[in-house]
Amino acid sequence: CVLGADAVPGTPEFDLFIKEVRKEITVKCGQKCTAIRRIIVPQNLAEAVKEALTKALNQTTIGDPKNEKVRMGALASLSQREDVMEKLTQLKAESEVWYENQQAEFIDVPSNNGAFISPVILYNNDPLKKLSTHNIEAFGPIATILPYQDLDEAIEIIKLGKGSLVSSIVTNDHQIAKDFTIGSAAYLGRILVLNRESAA
């Protein structure tokens, strides 16, 4: 999911971006082929995205889905959890942990048993050279923030994924949306342009 340079904090697009990223990380515990793995944001907005995502994820309750308060359940199996944790370790070799609630309590889960995991947000400060983010997928609630300097660089980062099922760009600037679509369409199965109008 790409955040357009115009979608600064305080705009409807910034809020939409945070909402969508949080949803895609937590729905089905991130176990979807179309879940967001790479969060591509302007360098100057990375800290604001971190702060907003941290706030949103802190409000995500984890545990037994039979409890009405729970918003995220467990991974499919214990072996799946082991695989996700192994991939997370590999990703951490090149990326800094920006969010990881190791003290998370899981609702209605005796002694925190089961295949539960709290969401993790990583930060790769050089996504054009540190390539594990593009090659390793932790099939769970794990995503990495990747900063870009300009739209051309965002497109180059997209291409490093070597083809993705879906992608989204959140922008209210039609030129940004057009340039992104033309530059990256050959590498993506579907592109969603999300803004205050399309969200309505």
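The values are calculated or read from the model by the stated rules, or taken from the named source; none is laboratory data. Everything quoted here is computed from the prediction, not taken from an experiment. Cβ: placed from backbone, ideal geometry, glycine included. Neighbour counts: every protein chain shown. Ligands, DNA and RNA are excluded from the accessible area calculation, which covers all protein heavy atoms including side chains. Shrake-Rupley method; radii C 1.70, N 1.55, O 1.52, S 1.80 Å.
Beyond 26 Å, what share of the Cα-Cα pairs of the chain is found? Please give it as a whole percent.
Of the Cα pairs, 30 percent sit more than 26 Å apart.
Using helices alone, what [θ] at 222 nm do you get for the chain, with -39,500 (n - 2.57) per DSSP H run of 4 or more residues, divided over all residues and rounded to the nearest 500?
Helix-only estimate at 222 nm: -10500 deg cm²/dmol.
Select from Lys66, Lys130, Lys23 the residue whose mean-square fluctuation is largest in a Gaussian network model of the chain (Cα-Cα springs shorter than 10 Å).
Per the Cα network of the chain with a 10 Å cutoff, Lys66 tops the list.
Which whole-number percentage describes the relative contact order of segment 116-168, with Cα contacts under 8 Å and a sequence gap of 6 or more?
40
Output the pairs from Lys55/Lys129; Lys28/Lys130; Lys66/Lys87; Lys28/Lys66; Lys66/Lys92 with a Cα-Cα distance over 22 Å in this structure; if there are none, say none.
Lys55/Lys129; Lys28/Lys130; Lys66/Lys87; Lys66/Lys92
How big is the antiparallel share of DSSP beta bridges in the chain, given as a percent to the nearest 5?
If we restrict to bridges inside the chain, about 15 percent are antiparallel.
Rounded to the nearest 10 degrees, what's the angle between the helix 78-92 long axis and the longest principal axis of the chain, both from Cα atoms, 0 to 90?
Between helix and principal axis, roughly 50 degrees.
Determine the equivalent ellipsoid of segment 84-200 by diagonalising the alpha-carbon gyration tensor, then write out the semi-axes as square roots of 5 times the eigenvalues, largest first, rounded to whole Å.
Its equivalent ellipsoid spans semi-axes of 30, 18, 13 Å.
Could you derive backbone 3J(HN,Hα) for segment 150-165 from the dihedral phi with the Karplus parameters 6.51, -1.76 and 1.60 (θ = phi - 60°), listing whole Hz in sequence and x where the residue is Gly or Pro?
Couplings: 8, 5, 4, 5, 4, 5, 4, 5, 4, 4, 5, x, 6, x, 10, 4 Hz.
Within the accessible area of the chain, what % is carbon and sulfur when the probe is 1.4 Å and the other protein chains stay in place?
Answer for the chain: carbon and sulfur cover 49 percent of the accessible area.
Quick one: check the C-alpha center-to-center distance for segment 120-137 versus segment 1-51, whole angstrom.
16
Would you mind getting the accessible area per residue of the chain, heavy atoms of the protein chains only, 1.4 Å probe, in Å²?
50
On a 0 to 90° scale, report how tilted helix 46-58 is relative to the longest principal axis of the chain, with both axes built from alpha carbons and the result rounded to the nearest 10.
That helix lies at roughly 30 degrees to the long axis.
Toward the positive end of the charge dipole of the chain, about the Cα centre and with charges on Cβ (Lys, Arg +1; Asp, Glu -1), which of Ile18, Gly73, Ala5 goes farthest?
Sorting the options by dipole projection puts first Gly73.
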